[in-house]
Structure formats: C-alpha cells, structure tokens
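We did not get these values from a lab; they are worked out from the coordinates using the rules stated. Quick caveat: nothing in here was measured; it's all calculated off a predicted structure. Here the Cβ positions follow ideal geometry from the backbone for every residue, glycine too, while neighbour counts run over all protein chains shown.
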Amino acid sequence: MKVVSRQWSAVGLTLCALLFALCVSAHAQQAAKVRRIGYLAGAQGPSPFFDAFKQGMRDLGYVEGKTLIIEYRASEDRKQLSAMAAELSQLKVEAIVTQAAATRVARSALTTIPIVFGFSGDPVEAGFVDSLARPGTNLTGMSFMAQDLAGKRLEIFREAVPKVSRVAIISMRTHPGEKNEFKETQVTAHGLKTMLQYFPVTNTNDIDKAFVAIAKEHSGGILTFPDAVTVAHRAQLAEFAVQRKLPSMFGWKEFVEAGGLISYGPNLNDSFRRLAVYVDKILKGVKPAELPVEQPTKFELVINLKTAKQIGVTIPPNVLARADKVIK
C-alpha cells in the first residue's frame, strides 16, 4: 500500500506541475498579446506630440515592437488623410489616436473603430460627441479649449504690456468654439478698456492679408487663438510680430518657442501623454462613449525674454515671477 501511495503521490505531483506549466504558458501568451493601434495626424512629417503619446504608453507598461504596434500616418491633405484612415481600418487597428484636422476626417471615415482625439476646439460644437460628460459616440479624448482661458490670456497680456490698448485678434473663423472664445475675450476687453481688432483667417493667404490689415490699423499688439492652422504658422506669426515690434500673446508654448512673446495655456505634451490612458482603457474593453472628454486643469505661463528685448518691451517683475518657463 505504501508503494501505491507513493506512486499516486508522484503522479499527482507530475499532474500538478503540468497544470501549473500550462497555466503559466497561457498567462504568458495572454500577457504577450501584441496590440495594434493607429495614430493619424493632420500634420506634415513627424508630430512632436506623437513622441509624448508614445511616452504615455510606455509609462503604462506597453513596449513598442513587443506588446504594442503603432501605425503612424500624417498629412496636411484631407484626401490623403481619408485614404490613410481607410488604410488603418484595413490593418484592423483596435483604436486610433487623432490630432488636428485628422479628427474630423477619421470621424467621417470610421464609425466603429474607437477614436481618441487631442482637439484644440469644442468637440460638441464640432459634432464629435454628444456632450463632454457622455460622448455617446465612438470618439472621446481631450479638448484643449476652455472658455475662461480666452479672457485670462488678454488679462495677462495687458498686465505684461500695460501700454497696449489696441489688440489685433487672429483666429480661424471655422474653428469650432472660436465664436465663444472671441465673446469671452470681448467681455474681458470691455473691463480692461481695450479695443479689439478682429482678423479671422482660413488659410495662409488670409494670414498674409491679416498682416497687411494689422499694419494699416496700427495695432498695438497681437493675440492669436490657438488651433492646428495657427500653430502650423507659428514661426510666421512670431516673425511678423517681431518685425513690427508688436507684443504677441498665444495659447500654447510652441508659439513662444518659435519666437512669440508670451503664451498661457495647457502643456500639449502632457495632454497627449494623457491620451495614452484613454487608449489603455479602450484596449481593456471600455467603450469611448463611456469615457468623458477631459479638459486641461493645469496651465503654464511662458515668456520669451529674447523676443522682449528684440521688440523693446520690459516685462514687469510680478509677471515674470509667475512664469512657469522663461526663454532667455
């Protein structure tokens, strides 16, 4: 009996070892599953925000090339973007991250694949989602637009350059949320006794025309609303302001890094890193319709002292003291 007991004990241990090995193998296979997602950017060439998004995925434990494949596509041409969206669909990506104009293209071309956007405008007005709290569609993500930012930018601008009383507003007339952004700026302008000169644009030619009009109107400064089009021409906008020795205010630090004077708004790199959290949840089974659209809650003030010197402006010490970043 003892021999039989020992034999059964050995057999039991062997079976347990086999079962354990099978469980470990199955778990390893599941853990090693490669996820495939797309990234569609309305930009020319590599997007600086793509690197930020990839860092966000790495922070969540994804390893590109091993547990994650990202199909990157980018173009400024809408027809090409549409073709790229179709291509990503054929590759059976599990989700697509969109940037700038690519969001509108992806929404039209893809109705079932989850879309996570980084969008400068109002996604409700654009028709991407039903509401910020309950998207109700296959889209969700982050909107960089906050209405109270518009007035705050003008307030900071006037504090930094108090002598400026006539401010030229450059904005994209078709940008979702632009009208409300301008209204908020008008309310603040009225309280600060500041005259606004409105120069809406739709393309590069319009920007050149706006420059001519601003020169004729003798504007004292320029405030540019941030969006995909204006940020694409940030160097041109900054160069014009410096040549005319006009103080300039922008919504994102990318404008100031290109030579603008001041910016106040969200850090876009942080925002695009945050999009990785959305993608991670979607890959784990959460539907985009159930993920509320977020808006940034932290904003940074960036000042370019090199530009200030070029245009002959002295930024007050109390404003400089509040800056999150100073470019010298």
Distance in nm between Leu320 and Lys306 label points, each 7 Å along Cα→Cβ, equals 1.7
Per the helix-only model, the chain has a calculated mean residue ellipticity at 222 nm (DSSP H runs of ≥4, -39500 (n - 2.57) each, divided over all residues, rounded to the nearest 500) of -14500 deg cm²/dmol
Cα-based Rg/(2.2 N^0.38 Å) for the stretch 260-328, rounded to two decimals, is 1.63
In whole angstrom, the spacing between the Cα centers of the stretch 91-107 and the stretch 239-300 equals 18
Here the FRET efficiency for Val187 versus Lys328, based on Cβ atoms and R0 = 35 Å and rounded to 0.05, is 0.55
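Using C-alpha positions alone, give me the convex hull volume of the stretch 75-124 per residue in cubic angstrom. List each step's numbers first, then the result.
Numbers: hull volume 3.6 nm³, N = 50.
For the stretch 75-124, the hull spanned by Cα atoms encloses 72 Å³ per residue.
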With 0.36 nm assigned to each residue of separation and the Cα-Cα distance removed, Glu290 to His218 gains 20.9 nm
For the pair Ser165 and Tyr198, the simple spin-label estimate (label points 7 Å beyond Cα toward Cβ) gives in nm 2.3
Shape call for the chain, from the Cα gyration tensor axes a ≥ b ≥ c (a/c under 1.5 means rounded, otherwise prolate when a/b beats b/c, else oblate), comes out prolate
Residues of the stretch 140-182 with backbone N under 16 Å of the label point set 7 Å from the Cα of Asp206 along Cα→Cβ are 169-182
For the chain, the charge dipole (Cβ of Lys, Arg +1; Cβ of Asp, Glu -1; about the Cα centre) points to a positive end, and the Cα of Gly65, Ile37, Met145 closest to that extreme belongs to Gly65
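Note down the relative contact order for the chain as a percent, whole number, built from C-alpha pairs under 8 angstrom at least six residues apart.
Values: 600 pairs, mean separation 59.0, N = 328.
Relative contact order, the chain: 18 percent.
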Taking Cα atoms only, helix 147-160 is inclined relative to the longest principal axis of the chain by an angle, in degrees rounded to 10, of 50
If every Lys and Arg gets +1 and every Asp and Glu gets -1 at its Cβ, then about the Cα centre the stretch 152-245 yields a dipole, in debye to the nearest 20, of 300
Measuring from its Cα centre, the stretch 51-145 shows a charge dipole (+1 at each Lys and Arg Cβ, -1 at each Asp and Glu Cβ) which, in debye to the nearest 20, is 160
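Ranked from highest to lowest mean number of other Cβ atoms within 10 Å per residue, what is the order of the peptides 240-246, 200-206, 34-40?
Working: 240-246: 17.9, 200-206: 13.9, 34-40: 21.3.
The packing order, highest mean first, is 34-40, 240-246, 200-206.
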In Å³ per residue, the alpha-carbon convex hull of the stretch 29-123 encloses 102
When the charge dipole of the stretch 117-268 is computed with +1 on Lys and Arg Cβ and -1 on Asp and Glu Cβ about the Cα centre, the Cα farthest towards its positive end, among Ser131, Leu246, Phe211, belongs to Leu246
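Which number comes out as Rg/Rh for the stretch 139-240 once both Rg and the Kirkwood Rh are worked out on C-alpha atoms? Before the final figure, lay out each step's value.
Details: Rg = 13.4 Å, Rh = 14.1 Å.
That ratio is 0.96, to two decimals.
If you build the Cα gyration tensor of the stretch 206-328 and take the root of 5 times each eigenvalue, what three semi-axes come out, in whole angstrom, biggest first? Mind dumping the intermediate values first?
On the way: eigenvalues 224, 66, 21 Å².
Square roots of five times the eigenvalues give 33, 18, 10 Å.
Report, in listed order, any pair from Lys152/Lys253; Lys216/Lys245; Lys152/Lys183; Lys193/Lys328; Lys183/Lys298 with a Cα-Cα distance greater than 21 Å.
Beyond 21 Å between Cα atoms: Lys193/Lys328; Lys183/Lys298.
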Here, Arg244 and Asp77, labelled 7 Å along Cα→Cβ, have an inter-label distance in nm of 3.3
